[in-house]
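Right, one structure below, let's go through it.
Readers should treat all values here as calculations from the given coordinates under stated rules, not as data from a laboratory. Everything numeric here is computed off the predicted structure, so don't read it as measured data. In this analysis, Cβ positions are derived from the backbone assuming ideal geometry, glycine residues included, and neighbour counts consider all displayed protein chains.
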Amino acid sequence: MFAFFLFFVVASASLFGQIREDRWNPTFDKMTEKITYASGWMLNKGTGKWIENQNVIADRECPSYWVSHMSQNFRWIQFATIFYKGTKYYIFLFERQDGEYKYQKIQEDWQEETRTYFFILDSLQYHGLISVVNSKDQRDIQFKSKYSGYITDKFEILGGENIYNEENLLTKIAYTLDNGSSSEYCLVINSQQINQREVIRFRLPEFCLISKYIKDAYFEIEFSDFVRLFTL
């Protein structure tokens, strides 16, 4: 009797064994063209002069070898959409030159890397962003997201999930949507008309705890160029 019971338990377990299934990752449904240029403006508080740099915010002329030291820089900006678990998401993407010191304590041996960041908005937030841009009411508006992150080319030599490509970017996005981020990020944007010019001023997403409103440091781009991000 005991032998029969043991056989029944083992047989039942085999009938309900766990099936190995890979996690389903999304693909990009639509992607806008990339914006590759914006003027970075920052007030140098020492001289009282405004300093302009291409694609980077700095309070002095920023040579190419120093760009990776500045957190507000980009090579391109883009919006994309995905459908994940029945919900449509809008992904603000940007590629940035980044880096860190190999020896942090003594600030030596700076090592550059390239990162693609993502900042995820739901449909309500995305259309709210469009409304803010179209309003031109000169107010700084902050959009928050608990779903953000990045991939880096720093460990590409290891292969696999470390390869700097779209597939691994989407895998990271799916993981973040399932698990959230460790910190909340904020995107700050201001739409206005100045001297008959319609412009957008913004800062790339950064930790909300250190996020700055647009006053003396921002990117500026023509309204007609920025709205290309809304062709989804």
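At-a-glance table
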read-out: In the range 82-100, residue farthest from the chain's Cα centre (by Cα) [restricted to those that are under 23 Å from residue 202 (Cβ atoms) and β-branched (Val, Ile, Thr)]; value: 82
read-out: Some residue of the range 210-225 being surrounded by 13 or more Cβ atoms within 10 Å (Cβ to Cβ), of a type in the set (Ser, Thr, Tyr), in contact (Cβ under 8 Å) with a residue 12 or more places away in the chain and part of a loop (DSSP other than H, G, I, E, B); value: yes
read-out: Qualifying residue in the range 57-72 (condition: surrounded by 12 or more Cβ atoms within 10 Å (Cβ to Cβ), without any contact (Cβ under 8 Å) to a residue 60 or more places away in the chain, under 25 Å from residue 165 (Cβ atoms) and in contact with a helix residue (DSSP H, G or I) (Cβ under 7 Å, 6 or more places away or on another chain)); value: no
read-out: Subset of the range 143-187 [in contact with a Leu (Cβ under 7 Å, 6 or more places away or on another chain) and either part of a strand (DSSP E or B) or over 23 Å from residue 123 (Cβ atoms) (or both)]; value: 143, 145, 151
read-out: Out of 224, 145, sole residue that is among the small types (Gly, Ala, Ser), touching a Pro at 6+ places or on another chain (Cβ under 8 Å) and under 22 Å from residue 31 (Cα atoms); value: 145
